[in-house]
Amino acid sequence: MLNNAKWISHPVDMGFECPVFKKNFSLSKPVKRATLDITARGCYYAELNGKRIGDFILAPGATSLERIQLQTYDITDMLSKENTISVSLSKGWFRGRINWRGNEYYGHMPEAFIAEARIEYEDGTSELIVTDESWLSASSKLRFSDFYDGDIYDATYEESYGPCKVQDYDKKCIVPQQGEKITEQERISPMEIFTTPKGETVIDFGQNLTGYFEIALNAKAGDTVSFSFAEVLDKEGNFYTENYRTAKAQFEYVCRDGYQVYKPYLSFWGFRYIRVNSFPDVLSKSSVTAIVVHSDMKRTGYLESSNPLLNQLFKNIVWGQKGNFLDIPTDCPQRDERMGWTGDAEVFCKTASYNFDVERFFDKWLTDLMIDQRPDGMIPNVIPQYWSDEWSRAAWGDAATVCPWQMYVTYGNREILERQFPSMCKYVEYIGNHTDDEYLWTGFDHFGDWLGIDAPAGSYKGASDTDFIASVFYSYATSLVIKAGKALNKDVREYEELYSKIVDKTRKTFTEYKTQTECVIALYFDIATDKAAVAKQLADMIKSNGTKLTTGFVGTPFLLHALSQNGYTDLAYGLLLQEEFPSWLYSVKQGATTIWEHWDGKNDKGEFWSKDMNSFNHYAYGSVADWVYEVGCGITPASPGFEKIVIAPHPTDKLGMLSARIDTKQGTVSSKWYHFEGKVRYEITTPCDNTIIIIDGKEYTVNKGTHIF
């Protein structure tokens, strides 16, 4: 693989200017087949004879520093007698400002690429076109490019080509493409173009999204298009960017003469609004089109109800996933972060696997998690590890156990579970070796119930005991190692004994639960010895708070499950359908089109929660959708990969109708209930023989097909 090719770069470090490389070659015989193998340290954009090669946006993606994915493209139909191949590079994830260590994260290694085109002729001979000293390089028209700060493109810039530089970079890090490619998914026209109270021109696309845009205009050489990006407007209706923190999130385009169409190719933004700082042509809705990009995942899950606000929430959850599944499960796509946060992935991976086919997506990301895991078992907070971490945090590092297990449950993927099992064990062992109290996890600065409503003044952490949270998740991680080990026919008696001791000591040490989140995790993870009493305590807390939650990142994903598992399904529905702050529907009523990082990212007075930690596209709280799939509509895999399914819907008089559909590996399973002539009508479709349990507890064994009750 690439045996004859060499890594090449521009001869000098160009900062944030983007180099471009080219190679001319001729073909004298009819071509049977031609392919291009290519990858880069940085992100590349390749063209052959002026046309884009492939549709992989921001290739080769984000991976651990120990490996780089290789892409292979069929270029047969793109060839002619005389050919020019060109490749542009940006720093991307490799050396961009996205790495908090700066652009020396991998050491002083300029961005570079390596490629090999194999031409197979009809007469049986072949020829290789490889990267080597013969390629030419130049500073490109893309004068600046950075994920956080944006692009400057000068269409009038004259590229002056000279020699390239061969770099002695190792090829052993190159691996075949493992994850889903990032592609353009849909195009959105402006909903409105308006003038703000400050007199600024703003384009509203009506949807918070991740991607870029395409402009079309007539201009003179030297005219400039300048854009800035935002998710929300302030309370006066003005353009607001403070929550982007240090990310400039801008775009500048220096025009050439005449009519021109342009779209970025090595950057992405998170935005709903574009402020037009300058536009030399008449601005209309046809002048600018938003282009949505995300990992190329197939949609598999659908939710619908009789409540319009709830339906908007379902849409917001899907858009939050699309906006943040950009090769890695980012926390947010807009500010100076965009990291593959383990905690967000851990709480959302079940919902993610129902909404979309994310098997390949997580296969790749979990490989990087395993690679970046330290020898002592520590899991970095973000994967790939672009930030420096000293220790694992409870409920964040647990992505090492939760995500592989969920991929097994949803897809029956034994290979992922088998590969990740040593990593799962190492993580549990890490906890046991890094605690002040044996069989508990204490003495560490954890994130706690991050962004819980009950947080003390000036704190991002909820009021819940972080040692209790950590100890409970210690038991959870151990329980998943046991489940995985049994699924893989491994001896897990040592972990069963460990689990028993963790639970026992946690119960004896933490005998009272002060917060909603403490009650939730005590119930959901089987720590509470008197579940009925704790469930009543939780229910009373919620009711006395006006049927409102106080939970953060740790408690929220399990809140409705803890209630419904203990006889309070009606109260769970009350929380789901609550419209006042704090609630899922509160942001919907505030006009949200994605999931917010904070329950009150923007309040009903138009005031913002904070400037520095306030994303409006942050999917973690969208994890509530797995309760709607599994409890509201009752679709639960009874064996890995949905080979067996239990369908036990839970209707409520708070809704007229609720339905769910999941396209599983076995086929489509759907569950719909609605009120009809004073009764509840159930319409259930199953792809295989299964058990259906109606709310009265009566079980029905049914065959493949659609059944009505």
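Quick rundown of the values:
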| item | result |
| --- | --- |
| Restricting the stretch 1-58 to residues that are basic (Lys, Arg) and assigned to a loop (DSSP other than H, G, I, E, B), the residue that is farthest from Thr210 (Cα to Cα) | Lys29 |
| Qualifying residue in the stretch 490-506 (condition: touching a Lys or Arg at 6+ places or on another chain (Cβ under 9 Å) and within 20 Å of Glu429 (Cβ to Cβ)) | yes |
| Residue in the stretch 153-164 that is assigned to a loop (DSSP other than H, G, I, E, B) and either in the same structural domain as Gln590 (by TED's automatic domain parsing) or more than 22 Å from His10 (Cβ to Cβ) (or both) present | no |
| Filtered residue count, the stretch 200-250, keeping only those that are farther than 11 Å from Ala290 by Cα and either in a strand (DSSP E or B) or not hydrophobic (A, V, I, L, M, F, W, C) (or both) | 35 |
| Cβ-Cβ under 7 Å pairs, at least 6 apart or on other chains, the stretch 506-519 side in the same structural domain as Phe558 (by TED's automatic domain parsing), far side part of a loop (DSSP other than H, G, I, E, B) and polar (S, T, N, Q) | Arg507/Thr529; Thr515/Ser464; Thr515/Thr550; Gln516/Thr550; Gln516/Thr551; Thr517/Ser464; Thr517/Thr551; Glu518/Ser464 |
| Qualifying residue in the stretch 41-52 (condition: hydroxyl-bearing (Ser, Thr, Tyr), out of contact with any helix residue (DSSP H, G or I) (no Cβ under 7 Å at 6 or more places or on another chain) and more than 30 Å from Ile371 (Cα to Cα)) | no |
| Verdict on Arg33 being among the basic types (Lys, Arg) and more than 25 Å from Thr367 (Cβ to Cβ) | yes |
| Residue check, Met1 in contact (Cβ under 8 Å) with a residue 60 or more places away in the chain, aliphatic (A, V, I, L, M) and closer than 18 Å to Arg118 by Cβ | yes |
| Meets criteria (of a type outside the set (Lys, Arg) and touching a strand residue (DSSP E or B) at 6+ places or on another chain (Cβ under 9 Å)) for Ser615 | yes |
| Leading residue by the ranking (farthest from Phe144 (Cα to Cα)) among those in the stretch 1-48 that are modelled with pLDDT of 95 or more and of a type in the set (S, T, N, Q) | Ser26 |
| In the stretch 638-668, the residues that are assigned to a strand (DSSP E or B) and modelled with pLDDT under 95 | Ile645, Val646, Ile647 |
| Test: residue in the stretch 646-654 that is within 24 Å of Asn413 (Cβ to Cβ) and among the hydrophobic types (A, V, I, L, M, F, W, C) | yes |
| Residue check, Phe213 buried (at least 21 other Cβ atoms within 10 Å of the Cβ), closer than 28 Å to Asn617 by Cα, modelled with pLDDT of 95 or more and in contact with a Ser or Thr (Cβ under 7 Å, 6 or more places away or on another chain) | yes |
| Pick from the stretch 66-93, criterion in a helix (DSSP H, G or I) and closer than 29 Å to Asp146 by Cα, ranking: nearest to the chain's Cα centre (by Cα) | Trp93 |
| Spans of helices (runs of 4 or more DSSP H) in the stretch 470-582 with at least 1 residues surrounded by fewer than 20 Cβ atoms within 10 Å (Cβ to Cβ) and modelled with pLDDT of 95 or more | 493-509, 531-544, 556-564, 569-576 |
| Residues satisfying the stated conditions in the stretch 634-672, i.e. surrounded by 22 or more Cβ atoms within 10 Å (Cβ to Cβ) and touching a Leu at 6+ places or on another chain (Cβ under 6 Å) | Ala660 |
| Residue identified as touching a helix residue (DSSP H, G or I) at 6+ places or on another chain (Cβ under 6 Å), more than 14 Å from Met339 (Cα to Cα) and surrounded by fewer than 21 Cβ atoms within 10 Å (Cβ to Cβ) among Asp376, Asp398 | Asp376 |
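The values are calculated or read from the model by the stated rules, or taken from the named source; none is laboratory data. For clarity, every value in this text was computed on a predicted model and none was experimentally measured. Here Cβ is always computed from backbone atoms with ideal geometry, including for glycine, and neighbour counts include all displayed protein chains.
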